[in-house]
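Notes for the one structure printed next.
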Amino acid sequence: MSQTSTETRREKFTFSGLGEVYSFTMLQEPPEDFEEQAPYMLALVKLDEGAMILAQITDLDENESLQIGDRVEMVTRKLTTEGEKGMIVYGYKFRKVLTRN
Amino acid sequence: MREVAIVGVGATPVGEHWQSSLRMLGAEAIQAALQSVQLSTVDAMYVGNAYGSTFSSQAQLGALIADYAGLKGIEAYCVESGDASGAAALRTGYMAIASGLIDTAIVLGVEKSTDAIGSNRVKGRSVSLDADYESVHGATLTALAAMIMRRYMHEYQLGLGVFEGFTINAHRNGNVNESAMFRNLIKPGGYARASMISDPVNLFDGAPDADGAAAVILTTPERAADLTDVPVMIVGSAVGTDSLALQDREDLLYFRAADESAYRAYQQAGVTTAEIDLFELHDAYTIFSALTLEATGFAGRGEGWTLANNAGEALGLKGSIPICTFGGLKSRGNPVGATGVYQALEAYLQLTGRAGKNQVPNAKIAAIQNLGGAASTAITHILKVGG
């Protein structure tokens, strides 16, 4: 890459993993490799540092609802398995911030 | 640059064509279009197709369909731009004629969605999303539309019912179009009771994937005079783009690509929204219609939904801005990569006064806009007849 390239210079930045729900949906018709998880909740999460990120919402109890503005935190989970004997794909999901008793 | 005219059209009905393959659908539309102007061949063919590779395990549709349709040897290739592939092919044909390199071309849109079913089709469609940041999480286009719609309802404090006019209008027009996929009328109140696919997007909100092929024939004004009494001129053609991933957008409720492509096309054509007699927009979901009307200057920000008031009266064939005049994606059906060419064909029929029961009175100028993904690609054309 030349010095005059307009490509963005990137630097490492660590997020806190905390944010709030900007929008969400409960997906009923999944793509292949996601059937087992359906229905599942997807959300756009606005991180506290300002960036937006799309991810699944996990660890919701049955009948537990989600609202725009709910506080969520990032967790590492299995996203999918590629095919029957395929590679397991790990990545980030979010869950509601646990309240401490 | 030369001017470009549409002189002939042809299409298959939109629906489930279990008995026909991609090449058969394509050839049927091509033959109908050639017959409409009594031509036996053209110099080139540009094919719009989005999912032939994933649904039908078939690429190289240009050569494949040219051969099958009896046009072996001509210049032919496929243009892909997700669900906007049809309009991308139209733009390619427009540039070929305008440049002077090609004199007469066929633009073909073709798709065979029913080669894939269930979760297999959903996965196939997801190649139009951002693979690394969206599809990997199990996202679908419907889910993206749903998240945009929920945020829109939240920001403007709207209930689900305000969107029903878009669906009622589409089906009212599709009801009298014999080539439409779902011709049933939707009664007021029915929309809000439909089952959820990805809430708040329900069964009566999203357009159905379909099979179909549509073709238009483009040429120069000089050659057009020999072929037809009523050529339709392409007076504007422009493409706009935005990020694929919703998370990379500064404003979730603004269709930047739709705005940029529409305004470039208006400028090129020298028209304002007030002069546009009908608008074939990309109503894959009602929220797409609302945000498109806002981005393209037909409604203020946050007000696109108001045009759907009173069962979509303002959007009807005799309304202030008719949309989905043959049923749109929702009722005519969404033959994905072919949709943009169906839009061109429908606008052509309107401007030449051949739209039958779907006719918009005195239509002289039409806008058509085809979207890829959640408006990551937007391609607008302005068509004009007479003067």
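The values are calculated or read from the model by the stated rules, or taken from the named source; none is laboratory data. Small disclaimer: the values here were computed from a predicted structure and weren't measured. Using ideal geometry, Cβ is built from the backbone for each residue, glycine included, and neighbour counts are taken over all protein chains shown.
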Exercise for review: Answer with yes or no whether B:Gln58 is out of contact with any strand residue (DSSP E or B) (no Cβ under 8 Å at 6 or more places or on another chain) and not assigned by TED's automatic domain parsing to the domain that holds B:Gly372.
Suggested key: yes
Review point. Among the residues of the stretch B:89-127, which ones are within 18 Å of the chain's Cα centre (by Cα) and of a type in the set (Lys, Arg)?
Key: B:Arg91, B:Lys112, B:Arg125
Check your understanding: So, in the stretch A:18-69, of the ones that are among the small types (Gly, Ala, Ser), in a strand (DSSP E or B) and at the interface with chain B (Cβ under 10 Å from one of its Cβ atoms), which residue ends up nearest to B:Ala131 (Cα to Cα)?
Key -> A:Ala55
Review point. Out of the stretch A:70-86, which residues are among the acidic types (Asp, Glu), within 13 Å of chain B (Cβ to nearest Cβ) and either part of a strand (DSSP E or B) or within 11 Å of A:Phe34 (Cα to Cα) (or both)?
Key: A:Glu82
Review point. Under the condition of being more than 19 Å from A:Glu49 (Cα to Cα) and surrounded by 13 or more Cβ atoms within 10 Å (Cβ to Cβ), which residue from the stretch A:60-88 is modelled with the lowest pLDDT?
Key: A:Thr81
Check your understanding: Of all helices (runs of 4 or more DSSP H) completely enclosed by the stretch B:121-231, which ones contain at least 1 residues that are more than 14 Å from chain A (Cβ to nearest Cβ)?
Key -> B:164-174, B:190-193, B:221-227
Point to revise | Candidate set from the stretch B:68-96 (those that are of a type in the set (D, E, K, R) and in contact (Cβ under 8 Å) with a residue 24 or more places away in the chain); member that is nearest to B:Ser119 (Cα to Cα) | key: B:Asp83
